[in-house]
Amino acid sequence: MAIIIDGKKISKDIKDELRAQVELLKKKNFEVTLCVIQVGDDPASTIYVRNKKKACEYVGIKSLAYELPEETSQEQLIDIIHELNERPDINGILVQLPLPKHIDEDKIIQAISPDKDVDGFHPQSVGRLSIGQKGFVSCTPAGVVQLLKRYNFPIEGKECVIVGRSNIVGKPMAMLMLRENATVTVCHSRTKNLAEITKRADILIVAIGKSKFITREYIKDGAIVIDVGMHRDENNKLSGDVDYDDVLDKVSAITPVPGGVGPMTIAMLMYNCVESAMA
Ligand code: NAP
């Protein structure tokens, strides 16, 4: 029987640990503060921002919200970020992506001080991760490592195959698994004979953005499968990049969608905020 990796429980455990830490900081008159900036009113972004605020409330982190109109210019947004960079009371700055088309996301990410880059997207954070220095790590891949560790799945020396090489999931995921001493292979849309490679994986991490793409033919018996994908169908039902029902009897452990990787992302955002405050 496969282990169903319970991301909801692990994320709650992490948030409870952080809540205790924040409580201690409050006793020393120190408040942890995250500033979330949303430009425009994209409905999905509004839900993500709301969930981040809810998590802040749960953990005891103060959240400041900037809800800026769609027409906000790049310069205006950068000015606001520069002001927030200077404010000692703010520990983390998060700009909800995607941004309206007239704003260059890379420029905005680079405007955030690396010391407050709790999303871990700044080139300096990415660089630190790749050379093994301390810094903020992108929340979703950091959450995946927490899932593996808290279930005591050994990582060292394991064959880890990551499908997807995005800047926010695939690439930082590869760096983190290397840091954990896995043997790492990264696949992408130009990879030839994908199934031959994924079948080598003791740990298969999938982040391709295609619903139920990975079926049992891609999986080695007894593999641990981590499904980062998230898709909503016309009936509002969620699915991942892995065909869960098809692979279930072949894997030793798997993350479900929903309730696997998803809840971990916000928990790790809270973790980064607390780390920032304690730095
Ligand atoms: P992305 O930026 O679209 O990247 C997708 C990656 O998959 C690319 O590197 C692409 O290769 C690769 N790919 C696409 N088709 C492929 C194929 N047929 N075979 C092999 N590789 C293929 O996506 P992302 O932002 O990393 O997100 C991936 C999924 O994770 C999405 O479903 C997203 O919603 C989900 N997600 C979930 C969370 C969470 O909190 N749970 C967070 C972030 C993302 P190329 O580079 O060659 O194009």
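With respect to Val242, is the statement that it is of a type outside the set (Gly, Ala, Ser) and within 10 Å of the ligand (Cβ to nearest atom) true? The answer is no for Val242. Restricting Val145, Val126 to those that are of a type in the set (A, V, I, L, M), over 21 Å from Val247 (Cβ atoms), within 16 Å of the ligand (Cβ to nearest atom) and not assigned by TED's automatic domain parsing to the domain that holds Asp249 reduces the list to Val126. The criterion of at least 3 residues that are modelled with pLDDT of 95 or more and over 29 Å from Lys8 (Cα atoms) is met by none of the strands (runs of 3 or more DSSP E) falling completely within region 18-120. Among the β-branched types (Val, Ile, Thr) and assigned to a helix (DSSP H, G or I): which single residue out of Val126, Val161 fits that description? When all the criteria are applied, what remains is Val126. Within the set Ile197, Ile266, Ile203, Ile219, the sole residue that is within 12 Å of the ligand (Cβ to nearest atom), at pLDDT 95 or above and in contact with a strand residue (DSSP E or B) (Cβ under 9 Å, 6 or more places away or on another chain) turns out to be Ile197.
Taking the conditions (1) over 26 Å from Ala277 (Cβ atoms); (2) modelled with pLDDT under 95 in turn, His188 satisfies each one other than (2). Residues of region 101-122 that are farther than 20 Å from Pro172 by Cα and crowded, with 17+ Cβ neighbours inside 10 Å: Ile103, Ala111. Inside region 148-192, residues that are near the ligand (Cβ under 9 Å from one of its atoms), in contact (Cβ under 8 Å) with a residue 40 or more places away in the chain and over 19 Å from Val137 (Cβ atoms) make up a count of 1. Cβ-Cβ distances below 9 Å connect the following pairs, each with a first residue in region 29-40 that is within 9 Å of Tyr66 (Cβ to Cβ), a second residue that is among the small types (Gly, Ala, Ser) and open to solvent by less than 10 Å² (accessible area, probe 1.4 Å), and a separation of six or more residues or different chains: Cys35/Gly92; Val36/Gly92; Gln38/Ser45; Val39/Ser45.
Answer with yes or no whether Val251 is aliphatic (A, V, I, L, M), farther than 26 Å from Leu94 by Cβ and near the ligand (Cβ under 10 Å from one of its atoms). Break it down stepwise before answering.
Values: aliphatic (A, V, I, L, M): yes; farther than 26 Å from Leu94 by Cβ: yes; near the ligand (Cβ under 10 Å from one of its atoms): no.
Judged against the criteria, Val251 is not a match.
The values are calculated or read from the model by the stated rules, or taken from the named source; none is laboratory data. These numbers were taken from a predicted model, which means no experiment stands behind them. Glycine also receives a Cβ, built like all others from the backbone with ideal geometry; neighbour counts cover every protein chain displayed. Accessible surface areas use protein heavy atoms only, side chains included; no ligands, DNA or RNA. Shrake-Rupley method; radii C 1.70, N 1.55, O 1.52, S 1.80 Å.
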